[in-house]
Amino acid sequence: MAGKRDGWKSRTGFIIAASGSAVGLGNIWKFPYVAGQNGGAAFIIIYLVLIFTVGFSVLLAEQAIGRAAQRSPAAAFRTLKGGLWPVVGYIGVLTAFLILPFYSVVGGWTIAYIWKTIAGASMDGAAFGGFIASGGITIAFHALFMAVTVLTVRGGVQGGIERYCRILMPTLLIILIILVVRAVTLPGAEKGIAFFMTPDFSRITLQSVHAALSQAFFSISVGMGVMITYGSYIGKTEKLPGDAAWIVGIDTGVALLAGLAILPAVFAFGMDPAQGPGLTFVTLPAVFAQMPGGYLFGTMFFVMLSLAALTSAMSLLEVVVAHITDEFDIGRKPTVLTIGGIMFLLGIPAALSFGAWKEVIFFGKTIFDLMDFVATGILLPVGAIGISLFVGWAFWPKAGEELAGEHGAAPVWAPLWRWMCGIVAPLLILWILIGGL
Ligand code: TRP
């Protein structure tokens, strides 16, 4: 884009927006259950170690690339090194382009569930199955979710994304804390707290380490250039490691609080914490239906979930929009509208995957599952490996100098970070990739 590049108004604004991207459905429905299944506190300890070492390193790698180049992913690699490296950026943009359509479908479900809770509609398993199969209604809510995402991103980095995240993220956090207090004070909450928090090292297997690692990377949104794009709007004087630590800390804190908000309530009412959409859209409504004040808490829960999905969706749209406006001389507003429209259309087959197009199967998967698999199962890890290798080899030692910003020297641990990015992270991500195939 010609002219002055948009940027964050403040350091806090960047941290909040990047946390908004990281905090999503993964923190709220996935982490609590995966932790409980894999040894509770023992899993949490492994998760914390992994996310603050490897996860942190890759997140920092993305920020360093973005800030150094001040460009969207593909252009960033071209500016810093050229050769085949821009392919890594293109993979990232493609990943974001593929994820947002189906992410928006699920975002639409969360909005619909705010409404259903308020209206006191039936929300059992059959009702959920009927709802997601309905086609027209889910497409309408997908359209609504996409429209809200477009409206926020249209306002720009500072005037849109940062401005809304500054309101939405604290709201999310306040709701979450209220839900935690409600859940842990229910009679019978101890069983859920124990499921989540009791360390059981006998349940730690290689597979649970694998689960912790995949969850860690997914949770902080690395691998598709979101943090390159957001990092490209950071000022030249800012020190990057502190920001990355904050983002990882907020993301992890929300995941832990989500565990304390959900599991004690599920156990207090003798329910089974099944994983995935079932827990969120079937078990939890049943829990809220029995809970004193459940009408209010249920509504708050789905508002919180919608906010988490919305701030993540903004970052996905921004990756593609930044790419188009950087590569071609097109303004932000027409780009946001066009891309938003295309993503809406791409989401329609994903929405129909649960109903009319259930039988449309490619490679043994519905369209929804196929988009998810190609994007998060293949492209995301490949992109993350490319990003890490770039920082460890092609962009070294400049990457180290980038950490401190214009006025500082590289931190003493920069060489350690280099080997994390150059060797440890790529091997571990390769392990995730192979395990997922
Ligand atoms: N981090 C998000 C979550 O926890 C999911 C996610 C992964 C994501 N990669 C992303 C969200 C990129 C936005 C952009 O649910």
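The values are calculated or read from the model by the stated rules, or taken from the named source; none is laboratory data. Quick caveat: nothing in here was measured; it's all calculated off a predicted structure. Methodologically, a virtual Cβ is constructed for each residue, glycine included, from the backbone with ideal geometry; neighbour enumeration extends over all protein chains shown. Accessible surface areas use protein heavy atoms only, side chains included; no ligands, DNA or RNA. Shrake-Rupley method; radii C 1.70, N 1.55, O 1.52, S 1.80 Å.
Consider the range 180-204. How many of its residues are open to solvent by 10 Å² or more (accessible area, probe 1.4 Å) and either without any contact (Cβ under 8 Å) to a residue 24 or more places away in the chain or part of a helix (DSSP H, G or I) (or both)?
14
Looking only at the range 69-98, filter to residues that are among the small types (Gly, Ala, Ser) and away from the ligand (no atom under 16 Å from the Cβ); which one of those is nearest to MET343 (Cα to Cα)?
ALA74
Is it true that some residue in the range 136-154 is within 16 Å of the ligand (Cβ to nearest atom) and under 30 Å from SER388 (Cα atoms)?
Yes, the range 136-154 has at least one match.
Within the range 157-173, track down each residue that is surrounded by 16 or more Cβ atoms within 10 Å (Cβ to Cβ) and of a type in the set (Ser, Thr, Tyr).
TYR164
Given the conditions (1) assigned to a helix (DSSP H, G or I); (2) more than 18 Å from PRO101 (Cβ to Cβ); (3) open to solvent by 10 Å² or more (accessible area, probe 1.4 Å), and given that MET304 satisfies all but one, which numbered condition is not satisfied?
With (1) assigned to a helix (DSSP H, G or I); (2) more than 18 Å from PRO101 (Cβ to Cβ); (3) open to solvent by 10 Å² or more (accessible area, probe 1.4 Å) applied to MET304, the lone miss is (3).
On the basis of being of a type outside the set (Ser, Thr, Tyr), open to solvent by 10 Å² or more (accessible area, probe 1.4 Å) and within 19 Å of THR198 (Cα to Cα), does ALA68 make the cut?
no
Considering only the range 249-282, state which residues are farther than 28 Å from SER122 by Cα and surrounded by fewer than 17 Cβ atoms within 10 Å (Cβ to Cβ).
Passing the criteria: GLY249, GLY253.
Quick check on PHE362: is it open to solvent by 50 Å² or more (accessible area, probe 1.4 Å) and touching a strand residue (DSSP E or B) at 6+ places or on another chain (Cβ under 9 Å)?
No, not satisfied.
Go through (1) buried (at least 24 other Cβ atoms within 10 Å of the Cβ); (2) closer than 25 Å to ALA74 by Cα for ARG154 and report which single condition fails.
The single condition ARG154 does not satisfy is (1).
Pairs, please: C-beta under 6 Å, at least 6 apart or cross-chain, first residue within 22 Å of LEU428 (Cβ to Cβ) and part of a loop (DSSP other than H, G, I, E, B) and in the range 222-240, second open to solvent by 20 Å² or more (accessible area, probe 1.4 Å) and modelled with pLDDT of 95 or more?
From residues that are within 22 Å of LEU428 (Cβ to Cβ) and part of a loop (DSSP other than H, G, I, E, B), there are no pairs.
Residues that are assigned to a helix (DSSP H, G or I), within 15 Å of the ligand (Cβ to nearest atom) and under 26 Å from PHE128 (Cα atoms): does the range 260-271 have at least one?
yes
Scan the range 232-248 for residues that are open to solvent by 30 Å² or more (accessible area, probe 1.4 Å), of a type in the set (Gly, Ala, Ser) and under 19 Å from PHE217 (Cβ atoms) and jot them down.
Of everything in the range 232-248, just one residue is open to solvent by 30 Å² or more (accessible area, probe 1.4 Å), of a type in the set (Gly, Ala, Ser) and under 19 Å from PHE217 (Cβ atoms), namely ALA245.
Checking PHE145 against (1) surrounded by 23 or more Cβ atoms within 10 Å (Cβ to Cβ); (2) over 30 Å from ALA286 (Cβ atoms), only one condition comes out false. Which one?
With respect to (1) surrounded by 23 or more Cβ atoms within 10 Å (Cβ to Cβ); (2) over 30 Å from ALA286 (Cβ atoms), PHE145 is out only on (2).
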